[in-house]
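First up is the structure itself, then whatever we jot down about it.
The values are calculated or read from the model by the stated rules, or taken from the named source; none is laboratory data. The structure displayed is predicted, hence computed values, not measured ones. FYI the Cβ positions are ideal-geometry reconstructions off the backbone, even for glycines, and counts take in every protein chain you see. With ligands, DNA and RNA removed, areas are computed over all heavy atoms of the protein, side chains included. Shrake-Rupley method; radii C 1.70, N 1.55, O 1.52, S 1.80 Å.
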Amino acid sequence: MRRYRLAATADDLLTEPAGRGRELDEHVPYLAERWQHGCTNAALLTTELRDHGYHGSQRSVRRLLQTWRVSAVPPAAIPPATFKPRQVTGWIIQPAAERAKDDQAELARILQRCTSLHTVDRLVSDFAGMLRHRQGQHLDTWISHAQHSGITALAGFAAGLVKDYEAVRNGLTLDWNSGAVEGNVCRLKAIKRAMFGRANFDLLRRRVILAD
């Protein structure tokens, strides 16, 4: 219940809770400052945090302090910015020309620290380019790169493309699509669900035929 009450956005509910309580995150700068002044007692620091609006457990505070005790790097009063996986995924999927300058800079720093993510960013961008510009002639090359990328998820995706290769290549090359058919299917399903249990087949047929 606390997680739902404290959630500011839907993303806070879609992601798994962190190892320590989220409620402690906003108090980390204060804890780091007190730690640098020599106060390392979890019980005392928890009591002080109560006066600052902290409602979490002393165990969360003790767990955080334990990571600082075994770390050679002292805690910073201003912790480095961290980003949720959904944010980084959104930046990778988004076309580079549409990213904000700050997002582009943060993504570049993240990709420099992780070669796997750099590979994912390159392959996702290449596939999006094929999709937007109808460049199905590059599909074979992309599948080969994805299969040898070492990224399990992308290799599995490439294997799925091979199973329905002709349809995928046509979808990335031709202007034709099944949008009109899918739209009619959705319309029929909506009418059927609206009339379920309340009308026979004759009335359902008339609604389908006479609907605009």
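Expressed in nm to one decimal, what extension gain is obtained for the pair residue 122 and residue 134 from 0.36 nm per residue of sequence separation less their Cα-Cα distance?
Extending this stretch completely gives an extra 2.5 nm.
Among 52, 131, 118, whose Cα sits farthest toward the positive end of the charge dipole of the chain (+1 at Cβ of Lys/Arg, -1 at Cβ of Asp/Glu, about the Cα centre)?
My answer, from the dipole projection, is 52.
Among rounded, prolate and oblate, which fits the chain when a ≥ b ≥ c are the square roots of the eigenvalues of its C-alpha gyration tensor, a/c under 1.5 means rounded, and a/b larger than b/c means prolate?
The shape class here is oblate.
Ignoring ligands, DNA and RNA, how do 70, 185, 28 rank by accessible area with a 1.4 Å probe, largest first?
Largest to smallest exposure gives the sequence 70, 185, 28.
Nearest 20 debye, what's the magnitude of the dipole of region 78-212 about its Cα centre given +1 on Lys and Arg Cβ and -1 on Asp and Glu Cβ?
The calculation lands at about 700 debye.
Rank these by accessible area, largest first, 1.4 Å probe: 30, 4.
4, 30
Please arrange 132, 187 by accessible surface area, largest first, computed with a 1.4 Å probe and ligands excluded.
Ranked list, largest accessible area first: 132, 187.
Ignoring ligands, DNA and RNA, what accessible area per residue does the chain give at 1.4 Å, in Å²?
Value for the chain: 71 Å² per residue.
Rounded, prolate or oblate: which fits region 107-212 when a ≥ b ≥ c are the square roots of the eigenvalues of the alpha-carbon gyration tensor, with rounded for a/c under 1.5 and prolate only if a/b beats b/c?
prolate
Run down the aspartates and glutamates and flag those whose C-alpha is under 14 Å from the C-alpha of residue 189, throwing out any fewer than 8 positions away in its chain.
Cross-link targets: none qualify.
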